[in-house]
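One structure is given here, and the rest of the page talks about it.
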Amino acid sequence: MEATGGISEMPVVTEGPGADASEALTTLHRVFGYDAFRGEQEAIVEHVVAGGDALVLMPTGGGKSLCYQIPALVRPGTGVVVSPLIALMQDQVDALRALGVRAGFVNSTQDFDERRTVEAEFLAGELDLLYLAPERLRLDSTLDLLARGKISVFAIDEAHCVAQWGHDFRPDYLSLSLLGERWPDVPRIALTATATRATHQEITQRLGLPAARHFVASFDRPNIQYRIVPKADPRKQLLAFLREEHPGDAGIVYCLSRNSVERTAEFLSANGVEAVPYHAGLDAGTRAAHQSRFLREDGLVVVATIAFGMGIDKPDVRFVAHLDLPKSIEGYYQETGRAGRDGLPSTAWMAYGLNDVVQQRKLIQSGEGDEAFRRRAASHLDAMLALCETAGCRRGRLLAYFGQEPGAAACGNCDTCLTPPETWDGTVAAQKVLSTVVRLQRERGQKFGALQIVDILLGKRTAKVIQFDHDQLSVFGIGQDLAEGEWRGAIRQLLAQGLLAVEGEYGTLVLTEESGTVLRGEREVPLRKEPKKPAVSRSGSGSGRGGGKAKAAVTELPEELQPAFEALRAWRTGQAKEQGVPPYIIFNDATLRAIVSRMPGSLRDLAGISGVGEKKLATYGEEVLAVLASLDGSAPAAAEPPAPGEAPEDDWPGPEDEPEPDDWI
Ligand code: ADP
Ligand code: ZN
């Protein structure tokens, strides 16, 4: 891997004291080509440029990078960025170099000479930004090197890695507190997308940032549409969702286990959706190759466990799908946040069912950790379940979870806002379920899982029902007024509401302390109706053009502009291949859209477009104008998706479906 090759180096900053807010804005225009700071960015940049420490909490895709990149450019010296993701450093550095920023990295992927070159550049004051893995900072040689150069700012990215409770914990982060001790005059900025108060406190304490100003950005991601659908045949549902709404789009599908990752990737590929697996069981080479394809190709789907995604800043991920329930809202929000960083309409889609609740409750009970750990895990799961079962706005729920006020009572861009769910009085149904559990236990001394309870309620004489004489129970067949899916939905909701519990390795159903109040008729049990046809709408930016068959990235563009967009995209692919970089490093989709919407006729017009900075204008300006000038107005035909294929087995997890351990790193 080459650290410093290729792109010509052109200093873009005027350094020196007197750096101020207007210089920050000039740098934003000139280097990045953006019109204005977003939200808190301006205040953060101003604070850090002036030498203050900061803790920045911003959702994934919120724009954290600029918060340290601009101070690094404006302040004299090199900005040192600590990041745990060495596999992504090359792309990060390439992206900066494409903007004319003098960036480099030092990590274990380099050979001696490459490292030496970067170190020499740093010492000569020729780097604006230097990326380092945290483990390097434990080495005396690294600290000595840093001491011999001039540092403008320390940025600690993915700062939640210092939190010992989180699943991204990196022991090397603990040593980062020494930065403040050794360089008391260099401002430090810690950034994370993890938003809980406990994590904030841990970060400030462990990184030694007591005086840091806290900046908490809005966690809303208005361009992401949140949808949670009842799980029936998840892979088929996923395929339908992709075909209807995201044909040809890049996206991530999360599954709990390695096994289901593999099977889902195979299923999608067999059905004409190009997909690759990613999990910690694959060898490092395969993982790296799949990650690199995802970053470099248009429209690839990665099916992954939670091992995938941190630090992946591909801006045009159009959907994130969950086939299994995440363990917490933090995890869900971080994963879904990887969609739509470019601000264009994107979808966070999840299929969620009874088995998810059973599975997750079982995992908590049988998992490692003490009682306190279990209680914590259970409360995280409860919050996640409440999000799944809410009849109110999902976005509102999410923001409330992060302690923020939603902008409006209904966001208009989540499934419950688009198709408000109906509720029904499920008191009698709940009593039937609970009585069946009670009868089995009291009369037979038995405990069974949800499937058997549903069969008994429906009066099905299955082999297992006959084997245990369950057709002799007085409750046998008392539930024929509801369909199987409705019973599963009712049980799922009872579990979510804590009116029923799961026990043991087989996930048998048992009563809770609260169950008695239902059985005695002391309380009502409102239940959400299971939607027959899940809400489907692709509104995002509000144009509501429905799920067309065109490439989704251009769905929202007026039809007459699509040929130009496609032409630019094809040009971009060629450029990216030639340089061996991801296409978004050339220009991202949002910038291409802005270009075709404005149809600039001159370099001057092009320069005014968001995402076209000085360096990119100089490098690509003429070519972009030439592509636009060569258009003859004929639209390329969109490919039809292939015929539907076979669906796989049901979604009940088998014994080989061990979830990916959290400590994969
Ligand atoms: P984060 O690190 O918080 O997940 P990034 O720093 O990767 O987010 O930013 C997400 C996207 O938003 C990037 O494509 C970035 O270029 C873009 N972006 C950030 N700030 C601005 C801005 N002020 N104007 C326009 N685009 C921005
Ligand atoms: Zn909503």
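Summed over the range 565-614, the residues that are within 26 Å of Phe37 (Cα to Cα), within 16 Å of ligand 1 (Cβ to nearest atom) and not basic (Lys, Arg) give a count of 22.
Among residues of the range 413-440 that are touching a residue at least 12 places away in the same chain (Cβ under 8 Å), those with a Cβ under 6 angstrom from a residue that is assigned to a strand (DSSP E or B) and within 16 Å of ligand 2 (Cβ to nearest atom), sequence gap 6+ or separate chain, pair up as Asn413/Gln225; Cys414/Tyr226; Asp415/Arg227; Pro421/Arg528; Thr423/Arg528. Screening Thr436 against (1) part of a helix (DSSP H, G or I); (2) within 26 Å of Ala193 (Cβ to Cβ); (3) open to solvent by less than 30 Å² (accessible area, probe 1.4 Å) leaves a single unmet condition, (2).
So which residues in the range 452-468 are within 44 Å of the chain's Cα centre (by Cα), open to solvent by 80 Å² or more (accessible area, probe 1.4 Å) and free of Cβ contacts under 8 Å to residues at least 12 places away in the same chain, if there are any at all? Of everything in the range 452-468, just one residue is within 44 Å of the chain's Cα centre (by Cα), open to solvent by 80 Å² or more (accessible area, probe 1.4 Å) and free of Cβ contacts under 8 Å to residues at least 12 places away in the same chain, namely Ala463.
Scanning the range 397-412 for residues that are under 18 Å from the mean Cα position of the chain (by Cα), more than 16 Å from ligand 1 (Cβ to nearest atom) and open to solvent by 10 Å² or more (accessible area, probe 1.4 Å) yields Arg397, Tyr401. Per the conditions (1) assigned to a helix (DSSP H, G or I); (2) at pLDDT below 95; (3) farther than 26 Å from Gln575 by Cβ; (4) within 31 Å of the chain's Cα centre (by Cα), the sole criterion not satisfied by Leu88 is (3). Being more than 10 Å from ligand 1 (Cβ to nearest atom) and either among the hydrophobic types (A, V, I, L, M, F, W, C) or part of a loop (DSSP other than H, G, I, E, B) (or both) is the requirement here; does Ala36 meet it? When the stated conditions are applied, Ala36 does not pass them. When the residues of the range 469-520 are filtered to those that are in a loop (DSSP other than H, G, I, E, B) and aromatic (Phe, Trp, Tyr), the one that is nearest to the chain's Cα centre (by Cα) is Tyr506.
From the set of residues in the range 57-66 that are of a type outside the set (Ser, Thr, Tyr) and near ligand 1 (Cβ under 8 Å from one of its atoms), which is surrounded by the fewest Cβ atoms within 10 Å (Cβ to Cβ)?
Start the filter on the range 57-66 by keeping residues that are of a type outside the set (Ser, Thr, Tyr), which leaves 57-59, 61-64, 66.
Restricting the remaining residues to those that are near ligand 1 (Cβ under 8 Å from one of its atoms) gives 58-59, 61-64, 66.
Values: Met58: 24, Pro59: 23, Gly61: 22, Gly62: 23, Gly63: 19, Lys64: 24, Leu66: 21.
Ranking the qualifying residues of the range 57-66, first place goes to Gly63.
Cβ-Cβ distances below 8 Å connect the following pairs, each with a first residue in the range 302-321 that is assigned by TED's automatic domain parsing to the domain that holds Gln334 and over 18 Å from Ala265 (Cα atoms), a second residue that is near ligand 1 (Cβ under 9 Å from one of its atoms) and among the hydroxyl-bearing types (Ser, Thr, Tyr), and a separation of six or more residues or different chains: Asp313/Ser65; Lys314/Tyr584; Pro315/Tyr584; Asp316/Tyr584.
Suppose we keep only residues that are among the β-branched types (Val, Ile, Thr) and open to solvent by 10 Å² or more (accessible area, probe 1.4 Å) within the range 335-394. Which one would you say is nearest to ligand 1 (Cβ to nearest atom)? Steps first, please.
Taking the range 335-394 and keeping what is among the β-branched types (Val, Ile, Thr), we get 336, 347, 357-358, 364, 390.
Applying the additional criterion that residues be open to solvent by 10 Å² or more (accessible area, probe 1.4 Å) yields 364, 390.
Working: Ile364: 30, Thr390: 26 Å.
Restricting to residues being among the β-branched types (Val, Ile, Thr) and open to solvent by 10 Å² or more (accessible area, probe 1.4 Å), the top hit is Thr390.
On the given criteria, is Ala198 of a type in the set (Gly, Ala, Ser) and surrounded by 22 or more Cβ atoms within 10 Å (Cβ to Cβ)? No; evaluated as a whole, the condition is false for this residue. Scanning the range 407-432 for residues that are near ligand 2 (Cβ under 8 Å from one of its atoms) and assigned to a loop (DSSP other than H, G, I, E, B) gives Ala410, Cys411, Gly412, Asn413.
Does Glu524 meet the test of being over 30 Å from Asp91 (Cα atoms), modelled with pLDDT of 90 or more, of a type in the set (Asp, Glu) and more than 26 Å from the chain's Cα centre (by Cα)? Steps first, answer last, please.
Working: over 30 Å from Asp91 (Cα atoms): yes; modelled with pLDDT of 90 or more: yes; of a type in the set (Asp, Glu): yes; more than 26 Å from the chain's Cα centre (by Cα): yes.
Here the answer is yes, as Glu524 does meet what is asked.
The values are calculated or read from the model by the stated rules, or taken from the named source; none is laboratory data. Everything numeric in this text was worked out from a predicted model, so none of it was measured. Counting neighbours? That spans all protein chains shown, and the Cβs are built from the backbone with ideal geometry, glycine included. Please note that ligands, DNA and RNA were not included when accessible areas were found on the heavy atoms of the full protein model with its side chains. Shrake-Rupley method; radii C 1.70, N 1.55, O 1.52, S 1.80 Å.
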